[in-house]
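Worksheet: the structure to be examined is printed underneath.
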Amino acid sequence: MSEPHSSFTSFDSLGLEPALAHGIRDAGFVNCTPIQAQTLPVALAGKDVAGQAQTGTGKTAAFLIALYQTLLKHPPSAQRNPSSVRALVVAPTRELAVQIHSDAEILGKHTGFRHAVVFGGVDYEKQRRQVAEGVDVLIGTPGRLIDYMKQRVFDLRHVQVLVLDEADRMFDLGFIADIRYILRRLPSPHHRLSMLFSATLSHRVLELAYEHMNNPELVRIEPDKMTVDRVRQLMYYPAMEEKVPLLIGLLRQSEARRTMVFVNTKRMAEKLEALLNANGFHAQAISGDVPQQKRLRFLRDFHNGDLAVLIATDVASRGLHIPDVSHVFNFDLPQDAADYVHRIGRTARAGAEGDAISFACEEFAVSLPEIEDYIGHKVPSLPIQRELLPEVKAAAHAEGHGHGHRPHHRGRPGGGRGGGSGGRGRGPRRGKGSGHGSHSPKS
């Protein structure tokens, strides 16, 4: 466990190679984030690192900077052939792999290294040709990497740097046998720099680290630090039929731009997309079943600001680095407390600030005590004002949809927020909301 550090460790103080320092300046980085300040001195000294850090903390830049510095300072083996990669970065999802590659091209722009990213679902021959032409830094998902490796499109005999990102997610998605297959084909841990990052350093992650790394130094950045320090959190307690009107009212109030809305099911993501578009918002749903080309286009449009609202299931809650996300809405509270942190980590990325607004409805409020225990404090709440519940235009195909979301009509019994009765779950909402009336997203 590393000792506490100064929040103002500058990249200029790390003695980085000029070509790398140039890329860091291009990215606009001046001072290290906590995970960078703790891991970089260790990795730059040639020691393996196992880091616990949530998404949004700057861990991608941390391992890319250490990777480039290592390759720049240590020339490849004279026996290396063009098909041998020098650095391998393994990610659990295609979105994360694509994002790492995007960051790598910025930070490594002046190094002269050749990059490639490989992942399943699209561009099989195109990706194969690019790797076959020779790359220095290969980024990819386990299945596609193994596929090309078995065809001898590339080999791992001269890898100098290994990165495993989101290692806990590798276990969750059932990739651990593939990871072990890849690791067994690398040079000995004593002959490469290895870096592992994970949201949790669980027993199974640490077992993997100690088995395939060279006595790694453990660095932990606690998850509640990010949520407490940088994200303004707020909770509403809507009845089921109020969720859609309340979301629309809040989106209008915030003049939604680069806003992420999280739901728990693909079905709800699709219905919410239809409702938001029917009510004047440019919204798209992204889930595991969206074709790869469409998914990448949606992410690009959202990144560029052409898409105002991205509706996501938890498949998109990790690894997506999208700058300047102003608001995250938990339309459905996640059922796993750690996912709450991953979701709201879409805003307040790498030191910025942002707002996370959550709906504790009757179906998912059961998750709230665990979430508040996990982040170490209660989430402030506000009563629902009548002006936040506009009329909702029904989507053409949203007739009679489930999850309790009906077009809201003013003046229904108990529709006011002045302590009136009516509607399910009123008691818990009053109890939870009382005493927090002075809070707002900006407080």
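Within the range 130-152, residues that are aromatic (F, W, Y) sit with their Cβ atoms under 9 Å from residues that are in a helix (DSSP H, G or I), at 6+ positions apart or across chains, in these pairs: Y148/Q127; Y148/R128; Y148/V131; Y148/A132. Within the span defined as the range 196-206, every residue fails to be out of contact with any His (no Cβ under 9 Å at 6 or more places or on another chain), touching a residue at least 60 places away in the same chain (Cβ under 8 Å) and more than 22 Å from D339 (Cβ to Cβ). Of all the numbered requirements in (1) assigned by TED's automatic domain parsing to the domain that holds I182; (2) modelled with pLDDT under 95, R230 misses one, and that requirement is (1). Residue check, K73 against (1) at pLDDT 95 or above; (2) of a type outside the set (S, T, Y); (3) touching a Ser or Thr at 6+ places or on another chain (Cβ under 8 Å), all met but one. Which one? Exception for K73: condition (3).
Quick one: in the range 234-270, of everything that is basic (K, R) and farther than 18 Å from P334 by Cα, which residue is modelled with the highest pLDDT?
Our first condition is that a residue be basic (K, R); within the range 234-270, this holds for 243, 252, 257-258, 266-267.
When the remaining residues are screened for being farther than 18 Å from P334 by Cα, the result is 252, 257-258.
Working: R252: 93, R257: 80, R258: 85.
Top of the filtered list is R252.
Scanning the range 123-155 for residues that are under 21 Å from D165 (Cβ atoms), of a type in the set (V, I, T) and surrounded by fewer than 21 Cβ atoms within 10 Å (Cβ to Cβ) yields a single hit, I146. Would you call A87 surrounded by 24 or more Cβ atoms within 10 Å (Cβ to Cβ) and either touching a strand residue (DSSP E or B) at 6+ places or on another chain (Cβ under 8 Å) or in the same structural domain as R230 (by TED's automatic domain parsing) (or both)? In short, yes.
Residues that are within 25 Å of N214 (Cα to Cα): which helices (runs of 4 or more DSSP H) entirely in the range 3-90 hold 3 or more of them?
Result: 34-44, 59-73.
Across the range 66-75, the qualifying residues are those that are of a type outside the set (V, I, T) and surrounded by 14 or more Cβ atoms within 10 Å (Cβ to Cβ), and the one among them that is farthest from the chain's Cα centre (by Cα) is L72.
Within the range 338-397, being among the β-branched types (V, I, T) and farther than 25 Å from L275 by Cβ holds for V341, I371, I375, V379.
Taken over the range 1-41, the criterion of being at pLDDT 90 or above and of a type in the set (S, T, N, Q) is satisfied by S10, S13, N31, Q36, Q38, T39. Looking at (1) part of a helix (DSSP H, G or I); (2) in the same structural domain as L333 (by TED's automatic domain parsing); (3) not small (G, A, S), find the lone condition where P238 falls short. Failing condition for P238: (1). Apart from one condition, E95 fits all of (1) more than 20 Å from N214 (Cα to Cα); (2) assigned to a helix (DSSP H, G or I); (3) modelled with pLDDT of 90 or more; the exception is (3). From the list R386, R346, the lone residue that is farther than 30 Å from I221 by Cβ and either basic (K, R) or assigned by TED's automatic domain parsing to the domain that holds N31 (or both) is R386. Of the candidates G56, G51, the single residue that is touching a Lys or Arg at 6+ places or on another chain (Cβ under 7 Å), among the small types (G, A, S), at pLDDT below 95 and on the phi > 0 side of the Ramachandran plot is G56.
The values are calculated or read from the model by the stated rules, or taken from the named source; none is laboratory data. All figures in this text were calculated on a predicted structure; none of them were measured in a lab. Every residue, glycine as well, gets a Cβ built from its backbone with ideal geometry; the counts of neighbours run over all protein chains shown.
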